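A short worksheet on the structure shown next.
Bear in mind these aren't lab numbers, they're just calculated from the coordinates by the rules spelled out. Model, not experiment: these values are computed from the prediction. Virtual Cβ from ideal backbone geometry, glycine too; neighbours counted across all protein chains shown.
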Amino acid sequence: MEFKEKNFISAVIYVHNAEKRIGTFLKTILTVLEENFEMAEIICVNDHSEDNSVSVIRKVGKAACHTTSISVLNMSYFHGLETAMNAGVDLSIGDFVLEFDSTVLDFAPEEIMKIYRKSLEGYDIVSASPEGRQRLTSRLFYMLFQRCSSSFYQHMGTESFRVLSRRVINRVSSMNQSVPYRKAVYASCGLKTWNLRYKVQNARTDSDHKERRYRRRLAVDSLILFTEAGYGFSMLMTGMMMLAAMFMLVYSLVIYLTQKPVEGWTTTILFLSFAFFGLFAILTIIVKYLQILVNLVFKRKPYSFESIEKLTK
């Protein structure tokens, strides 16, 4: 016991139709925590699984020692990764919290302690990412996200798991009424972060159709909430409509002066052109106001600091 970590640690694991993977994954996490921590807890968030995932968790739980507790948080219906993990983190009580977004065991068990020990060096958020090429859809999403967002989102990428200090959780709770996309909120909280990369040991398993549909919807929502993609698109369309209106103005005058158009044609074309331009301009203003409201809701904290250095006692 004297060589084990004194900090209480919580592990929150997202589970959805993971009957074939959760047994091995949970045993690995349990072994790491029991070997390295005096006290720990594991919270398996069952996001309305339709297979025998919970039964497998119960079997593994019987083998846990008294120093590590295993709980199952059963969601009433399918909530998706972000909401389900928020529920698990809210239930956790550890000084540090490990978040596992998937039950795919493509990393060596020692990687867990690597990111934990890195957090003890003063980093409040330490994440682990697989080496190698990202999926094309993920690469496109993060490229667009970073291009359309502020500087503190520039280092976001694919992550498999992470460790959070209790300070991160408290700050995020004070900053946001809800957390629709954890990685973006963690990146903007202002605390020190670090990312470690590990060699992938096994091929990753594809998610089911519910998870894929949820991730597509999450990608669109995140781009709207945390970036200026919507406002940029509105500005682009407004600019294009302004050019189109100017072109139609010139075109209508040329037709009016050189030909004999139907009575009222020139006026109608000019009215429609500038009406569409005005409509897009108004929509752009509305989008900007909505963006400001979103910032007030999801970024309510007016300031953030990375650390406090006390120079005198």
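Some notes on this structure:
- Additional length obtainable on full extension of the chain from PHE247 to ARG139, 0.36 nm per residue less Cα span: 35.1 nm
- For region 1-71, chymotrypsin sites (Phe, Trp or Tyr not before Pro) are listed when DSSP marks them as loop and at most 10 other Cβ atoms sit within 10 Å of their Cβ; the list is PHE3.
- Taken about its Cα centre, the chain carries a charge dipole of roughly 460 debye when the Cβ of each Lys and Arg holds +1 and the Cβ of each Asp and Glu holds -1.
- For the chain, adding -39500 (n - 2.57) for each run of n ≥ 4 DSSP H residues and dividing by the number of residues yields -16500 deg cm²/dmol at 222 nm.
- Highest-fluctuation residue, CYS65, CYS44, CYS148 considered, GNM on the chain with Cα pairs under 10 Å: CYS65
- Distribution of pairwise C-alpha distances over region 1-97, 10 Å bins, in %: 17, 49, 29, 5, 0
- Just checking the listed ones, GLU228, GLU35, GLU82: in the Gaussian network model of the chain with Cα springs under 10 Å, the one fluctuating most is GLU35.
- Angle between the chain longest axis and helix 81-91 axis [Cα atoms, degrees, rounded to 10]: 40 degrees
- Among GLU41, GLU121, GLU211, the largest mean-square fluctuation in a Gaussian network model of the chain, built with springs joining Cα atoms closer than 10 Å, belongs to GLU121.
- Cα long-axis angle, helix 166-175 against the chain (0 to 90 degrees, to the nearest 10): 30 degrees
- Stretched out straight at 0.36 nm per residue, the stretch from ASN36 to TYR256 would grow longer than its current Cα-Cα span by 70.8 nm.
- Folded to 0 to 90 degrees: helix 110-119 orientation relative to the chain principal axis, Cα: 70 degrees
- Isotropically averaged projected area of the chain, using the convex hull of Cα atoms (one quarter of hull area), nm²: 22.9 nm²
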